[in-house]
1. Return only the number of the condition from (1) outside any helix (DSSP H, G or I); (2) touching a residue at least 60 places away in the same chain (Cβ under 8 Å); (3) more than 17 Å from L237 (Cβ to Cβ) that L209 does not satisfy.
2. Note down all Cβ pairs under 7 Å where the first residue falls in segment 171-199 and is not assigned by TED's automatic domain parsing to the domain that holds Q126 and of a type in the set (D, E), the second is surrounded by fewer than 16 Cβ atoms within 10 Å (Cβ to Cβ) and at pLDDT below 95, and they're at least six residues apart or on different chains.
3. I'm trying to understand the selection: among the residues of segment 114-145, which are part of a helix (DSSP H, G or I), buried (at least 18 other Cβ atoms within 10 Å of the Cβ) and in contact with a strand residue (DSSP E or B) (Cβ under 9 Å, 6 or more places away or on another chain)?
4. Test of understanding: among T69, T36, which residue is in the same structural domain as A123 (by TED's automatic domain parsing) and under 19 Å from the mean Cα position of the chain (by Cα)?
5. Considering segment 188-197 alone, what residues qualify as being within 16 Å of R105 (Cα to Cα) and out of contact with any Leu (no Cβ under 7 Å at 6 or more places or on another chain)?
6. What single numbered condition from (1) at pLDDT below 95; (2) part of a loop (DSSP other than H, G, I, E, B); (3) surrounded by 13 or more Cβ atoms within 10 Å (Cβ to Cβ) fails to hold for A261?
7. Looking at segment 38-70 only, could you name the residues that are under 15 Å from V100 (Cβ atoms) and either modelled with pLDDT under 95 or crowded, with 19+ Cβ neighbours inside 10 Å (or both)?
8. Take segment 276-301 and flag every residue that is within 18 Å of A251 (Cβ to Cβ), without any contact (Cβ under 8 Å) to a residue 12 or more places away in the chain and not basic (K, R).
Amino acid sequence: MNASDLRILFAGTPEFAAAHLQALIEQGLNIIGVYTQPDRPAGRGHKIAQSAVKELALKHGLPVYQPQTLRNADSQAEMAALAPDLLVVVAYGLILPQAVLDIPRLGCINSHASLLPRWRGAAPIQRAIEAGDKESGVTVMQMEAGLDTGPMLLKATTPISSEDTGGSLHDRLATIGPPAVIAAIEQLAEGKATPAIQDDSLATYAHKLGKIDARIDWSRSAIELDRMIRAFNPWPLAHARWNDQPLKIWAACPEAGAGAAGEVLAVDKRGLLVACGEGALRLTRLQLSGGKPLAFADLYNARRNHFASGLQLENGQ
């Protein structure tokens, strides 16, 4: 059987998933329906917003399904009635119970943004940068009831550079993931897939991100804080305190330096040099309370009197 003969359901929600759906559409695969999370309030105005996947699906005239859950008999019967050969899941956000996993003839596959089993869970991209991993990638796996535990079909890898942020790595993985998914679909259609069992002893859990994770603790080393700042850009953004006001840190670079943790060692247009538990960190792009993110040179020109060496930055709250 050819991949184009398969009846494929797609399930996903954010931009990362939409990049995969776009590739499947461009490949000419037979997408019989798209599952995505229900519309929810978003942004400062809390207006009801459609997911990136829903917007793309409607643009191409694909049927869209948005159940609150897939755990009840009605939603499972609705999916079964579509008679899918395969379900492709990418950052969907809903748990798929075994009854759903059993519906497609060829099962369910998932594009996961890490080199499994290294990072299982919700935030593999950010946790890989935060941990100092040298490479990342996408793993296409067959889904089972466990969290990201299924047999692996294909991997696509990419190095993590010292300049990478959570945003830049996300975008790169969204580029290399779709071709891997298409290749896996072709293998399944032709009966040539060779699943590889994961080594559970090598697994690490990538905990879901929250603002509490992004609190700067100046007693940590500059190397650790640099990785953290890059990992949490563009969200949830590393933050500290300056003059008892929140200070969001968009970019920094580690340098030599010593002083009390959080002490401002030097100030010039290149940035704010802050002592850490080990080494120092030059803060090069900041966002003051109520302001926009700015290169420090611009802040320095506009508010030179606000910044001086010898002052103290506080830990994030």
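1. The failed condition is (3).
2. Here the result reads none, with nothing in segment 171-199 linked to a residue that is surrounded by fewer than 16 Cβ atoms within 10 Å (Cβ to Cβ) and at pLDDT below 95.
3. P124, I125, Q126, R127, A128, I129
4. The conditions single out T36.
5. Selection gives E190, G191, K192.
6. Of (1) at pLDDT below 95; (2) part of a loop (DSSP other than H, G, I, E, B); (3) surrounded by 13 or more Cβ atoms within 10 Å (Cβ to Cβ), only one is false for A261: (1).
7. Of everything in segment 38-70, just one residue is under 15 Å from V100 (Cβ atoms) and either modelled with pLDDT under 95 or crowded, with 19+ Cβ neighbours inside 10 Å (or both), namely L70.
8. Hits for segment 276-301 are G291, L294, A295, D298.
The values are calculated or read from the model by the stated rules, or taken from the named source; none is laboratory data. Keep in mind it's a predicted model, so treat the numbers as computed, not measured. Every residue, glycine as well, gets a Cβ built from its backbone with ideal geometry; the counts of neighbours run over all protein chains shown.
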